[in-house]
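One structure is given here, and the rest of the page talks about it.
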Amino acid sequence: MRGINSLAGQLMLWIAGTITVLWLVAVAFGAFVMREEFGEIFDGVLQETAERLVPLALDDLLAQAKAGAALRRGSLPAEPGEGNLTYQVRDGAGNVLLHSHAAAEKPFDAPLETGFFEGRDGRVYTASDEDGTIFVQVVYSADERQEAVMEGSLALLLPVLLIVPVTLLAVWFVVRRVLSPVEALRAAIGEKDGGNLAAIEEVRLPRELKPIQRSVNLLLARLRAVIDAEREFTSNSAHELRTPLAGALAQTQLLLSELKHGPAQSRARQIEAALQRLTKLTEKLLQLARAEAGVGVTEATFDVADVISLVVTDFQRASDDTTRIRLHGHDLAPVLRGGNADTFAIVVRNLVENALLHGQEGEPVDIHIAPTGNVRVVNAAPAMTVAELAAVRKRFSRGKTLAAGSGLGLSIAERLLSQMRASLVLTSPAPGRLDGFQAEIVFPVPD
């Protein structure tokens, strides 16, 4: 069905059908003309034969009369069914005086009138002498005439059965060759997505396709401009939002140090907690904005183990329990993957933060780096259903948990990984366990 739905398939279908119908119509018309021509030829043979037999029949009858033979019937025996051209010589009363070997003794079913007659035995031509007393009737077998027409029609049809497939093969070759620029342009456009917005290279295209190429390149240029503007806005917004929030949090903490125990200090601590939550939410929203702006799209490469080691070190410095995060496989040979190191660090930070936040308290978070570069982050947590796994991928969805959070970490990580041509696979329970949650980063196999 894919071939029929394609442009080349539609062209082949219509051209093949049209050529086949035209050839069949041509054969049918040729058979009709040939049938008419054969009819004229057979009629000419009948008339010429009958007219040549008239003087011969008169001479034969005259010779028999001189010899005293009866004029009513020839002495040759009749053998019905033998021969295709038969004749009878009849008198004015309709009696058969002479006949050919293959003709029956029974008179032909034709009147004694000069001319053609379509009889039961075939087409009959009747000729007579000048006195109108002797008639010669010649019949050409109807089966033979029909067989000649059929053989002639088959002679026209058989070459068509060979010509049509050859013609279709030639048409297929021509169509594929003519449409190859369309296929090349389609493939070039199909490669364009959020990770590849480069202009389509100039290729040899027909005049009809060049406007399409120019329009697509213009659209890609506009998209690149919009994404660049979003990236610049995100970068500026990050600085503008972080600074006042950090200032407000510092002032609140200073106020706490000056206040004595009491209702005012309690309210100040609530303000501090709210500002800290707002700071984290702002950071997540900025990460989401950067992800939507396509910051993961780059031609650079990074070492997976190096980036993960730096992220783990940052978490350990900020935590009282430095042993809770356990890193496995960081001593492997360098594994380079395409993408931005800072972007991958955001992905790993979100996954580790999610594992620490929603995992069981005191249970370790294991990070495994495979030789292929794939990364698995596993924590101890209640097992989740398939529906719950699908739900936590959505923005602002946090599943069944009482832990604080924005519900954006997994969606940010998945968005950034898609720009790096990688994918995020979520599994619960974790492989080899009855509980737990595993988030795996799967990189494409390098060419």
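The values are calculated or read from the model by the stated rules, or taken from the named source; none is laboratory data. A quick note: this is a predicted structure, and the numbers were derived from the prediction, not measured. Don't worry about glycine lacking a Cβ; one is built from the backbone with ideal geometry, like all the others, and counts go over all protein chains shown. Keep in mind that these areas ignore ligands, DNA and RNA; they rest on the heavy atoms of the full protein, side chains included. Shrake-Rupley method; radii C 1.70, N 1.55, O 1.52, S 1.80 Å.
Less than 5 angstrom separates the built amide H of LEU408 from those of PHE396, all sequence-distant by 5 or more or on a different chain. Quick one: grab the alpha carbon gyration tensor of the stretch 348-396, order the square roots of its eigenvalues as a ≥ b ≥ c, and give me rounded if a/c is under 1.5, else prolate or oblate depending on whether a/b is larger than b/c. Note, shape of the stretch 348-396 comes out oblate. The convex hull defined by the C-alpha atoms of the stretch 98-237 has an orientation-averaged projected area of 18.5 nm².
A full extension of the chain between LEU179 and ASP435 corresponds to an added length of 86.6 nm, given 0.36 nm per residue minus the alpha carbon distance. Entry comment: accessible area of the chain is 60 Å² per residue, from protein heavy atoms only and a probe of 1.4 Å. The angle between the Cα long axis of helix 263-292 and the main principal axis of the chain comes to about 30°, on a 0 to 90 degree scale. Dividing the mean sequence gap of close Cα pairs (under 8 Å, 6+ apart) by how many residues the chain holds gives a relative contact order of 10 percent. What is the helix-to-structure angle for 210-258, meaning the angle in degrees between its Cα long axis and the longest Cα principal axis of the chain, kept from 0 to 90 and rounded to the nearest 10? With both axes taken from Cα atoms, the answer is about 20 degrees.
The share of accessible area on the chain that comes from carbon and sulfur is 60 percent, using a 1.4 angstrom probe.
With the simple model of a label 7 Å out from the Cα in the direction of the Cβ, LEU161 to THR323 spans 8.8 nm. Amide H to amide H distances under 5 Å link GLY119 with VAL124, where only residues 5 or more positions off or on other chains count and H is placed in the peptide plane. Taking label positions 7 Å along the Cα-Cβ direction at both VAL216 and LYS66, the computed distance is 10.0 nm, reported to one decimal. Amide H to amide H distances under 5 Å link SER6 with no residue, where only residues 5 or more positions off or on other chains count and H is placed in the peptide plane.
Comparing the chain with the 2.2 N^0.38 Å rule of thumb, its C-alpha radius of gyration ratio is 2.21 (two decimals).
Against the chain, whose longest principal axis comes from its Cα atoms, helix 142-190 is set at around 20 degrees.
With viscosity 1.306 mPa s and temperature 10 °C, the Kirkwood radius over alpha carbon pairs of the stretch 128-199 converts through Stokes-Einstein to a diffusion coefficient of 84 µm²/s.
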